[in-house]
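Taking it in order: structure first as structure tokens, then the write-up.
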Amino acid sequence: MKIGEIKPITLIRFFREATKDRQFTHKRVSNARSVLNGIMSYAIEEEIISHNPVSDVNFKQFTYKPVEVQSDNVFSRDDTHKLLNYLRCIIEPYSLAIQLSFYLFIRVGETKAIRWEDIDYNNRLVYLHRQATCERTLNDDLTFSSRKVKVVNQMKGNTSHGFRKQFLTDEALKILHKAKELNPNGIYVFEPNGEIMTTDSFNRRLKKYCKEAGVPYHSSHKIRFYNASTAFDGNNLTTLSYLMGHSETATTLHYLRNVNKRKNDRLAFQNLGISS
């Protein structure tokens, strides 16, 4: 079907069929909608069509997959310790990048883009002011080019809050020293095969190591959830928000999860009433 033949009813029938069994969440469908909007907007610019049919579709009419409760969908303390102990003896770029991620409040795109010049050993700091992203170009025939890794000097959200510094613990410094031995002449800290790693390859290796260590797999993004949840003490939300690179504390609250997997529910009752 040519793009000019796509009508609102075409899209309605397509999404109605795709969502009838509640296989996709509202967010997943919204992502598809955004891609379609981009394609249609480009087609309007190229005078292929004069109107965007996506704008005439009421997406509230479709049925979506219920969103599961995410409070436990994160690395636990026990699993994290088990994974890090397993990785300690594996000296290769992905292993070291995964390990470092557990010691910083960092996004995977920021981890990939750390340069050696960003490390201040004297003050035990790493400065975060760029990220590595994957981009695909929309071709004239409305197909997409292959993914290319691009390092940009802007942070997620396009706000100044993303530019920040992180303290390097003893463990973080040990990891960086191992990375330096592997890649002494590289520009970036982590360069498997001389290239910047991608998020997909990072997560594939993380999944592999989780399986080998005998712990449930969670994506690289869930490492940030674990770090925020572990560091939160009830009084340091503003500090955590800065370290995470968030512009609003409400966003940081979204990252707080149950990293103890409800093993200690009874501890919540110890201070009730008259404690002995």
Find all pairs meeting these conditions: Cβ atoms under 9 angstrom apart; at least six residues apart or on different chains; first residue within the range 145-167 and assigned by TED's automatic domain parsing to the domain that holds R124 and outside any loop (DSSP other than H, G, I, E, B); second residue β-branched (V, I, T) and modelled with pLDDT under 75. K148/T137
Among the candidates I91, I98, residue that is at pLDDT 90 or above, under 17 Å from R205 (Cα atoms) and assigned to a loop (DSSP other than H, G, I, E, B): I91
Working carefully through the options V35, V29, find the one that is of a type in the set (V, I, T), surrounded by fewer than 16 Cβ atoms within 10 Å (Cβ to Cβ) and more than 25 Å from Y188 (Cα to Cα). V35
One residue is enough: does the range 16-24 have a residue meeting the conditions crowded, with 16+ Cβ neighbours inside 10 Å and either within 23 Å of the chain's Cα centre (by Cα) or at pLDDT 90 or above (or both)? yes
Can you work out which of the residues in the range 42-62 that are surrounded by 13 or more Cβ atoms within 10 Å (Cβ to Cβ) and not hydrophobic (A, V, I, L, M, F, W, C) is modelled with the lowest pLDDT? Y42
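The values are calculated or read from the model by the stated rules, or taken from the named source; none is laboratory data. Quantities reported herein were computed from a predicted structural model and do not represent experimental measurements. Note: ideal-geometry Cβ built from the backbone for every residue, glycine included; neighbour counts use all protein chains shown.
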